[in-house]
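One structure is given here, and the rest of the page talks about it.
The values are calculated or read from the model by the stated rules, or taken from the named source; none is laboratory data. Because the structure is a prediction, the values reported are computed rather than measured. In this analysis, Cβ positions are derived from the backbone assuming ideal geometry, glycine residues included, and neighbour counts consider all displayed protein chains. Heavy atoms of the whole protein, side chains included, go into the accessibility calculation; ligands, DNA and RNA do not. Shrake-Rupley method; radii C 1.70, N 1.55, O 1.52, S 1.80 Å.
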Amino acid sequence: MDTEELRDYLKENSNIENLFTSKFLQYLTEKNNQRSLDKRWPQERIDREAANMYYKFIVNIHDKISSNFKGLAKHDPNKWRHFISVNEMLDQLEESVVEIEFE
């Protein structure tokens, strides 16, 4: 499973993307409001930064999961789905995102 497939799988089977993105958007908005008016980012940049951070988050998850596979199994989406299910990773990831704090 590649990073894009993992992102799609998480989007279809969990609320991780919405949780992460809304939390990070809130963080970026608060940080942006602390800037002087002439240095504030437009909303488009805040949205883009949130999307980029979520993608980095997914890449990190992908790297951690892929380290559990050898050879061709790294590319087999069924093995990934099974691994994620057996290890209850969706619940764990959602809990982690709920608890995450940005600084």
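Data table
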read-out: Evaluation of N68 against (1) open to solvent by less than 80 Å² (accessible area, probe 1.4 Å); (2) under 14 Å from L6 (Cβ atoms); (3) not in a helix (DSSP H, G or I) (one fails), failing number; value: (1)
read-out: S22 vs. criteria under 19 Å from I100 (Cα atoms) and open to solvent by 60 Å² or more (accessible area, probe 1.4 Å); value: yes
read-out: Close pairs from segment 21-43: first assigned to a helix (DSSP H, G or I), partner among the small types (G, A, S), Cβ under 7 Å, at least 6 apart; value: T21/A50; F24/A50; L25/A50; L28/A50
read-out: Residues that are in contact (Cβ under 8 Å) with a residue 12 or more places away in the chain and over 30 Å from K70 (Cβ atoms), drawn from segment 1-20; value: N15, L19
read-out: Single residue of segment 53-65 satisfying the filter (touching a residue at least 40 places away in the same chain (Cβ under 8 Å) and buried (at least 16 other Cβ atoms within 10 Å of the Cβ)) that is farthest from N15 (Cα to Cα); value: I65
read-out: Residue in segment 11-19 that is farther than 15 Å from L90 by Cα and in contact with a helix residue (DSSP H, G or I) (Cβ under 7 Å, 6 or more places away or on another chain) present; value: no
read-out: N87 open to solvent by 50 Å² or more (accessible area, probe 1.4 Å) and modelled with pLDDT of 95 or more; value: no
read-out: The one condition in (1) in a helix (DSSP H, G or I); (2) open to solvent by 50 Å² or more (accessible area, probe 1.4 Å); (3) at pLDDT 95 or above that H82 fails to fulfil; value: (3)
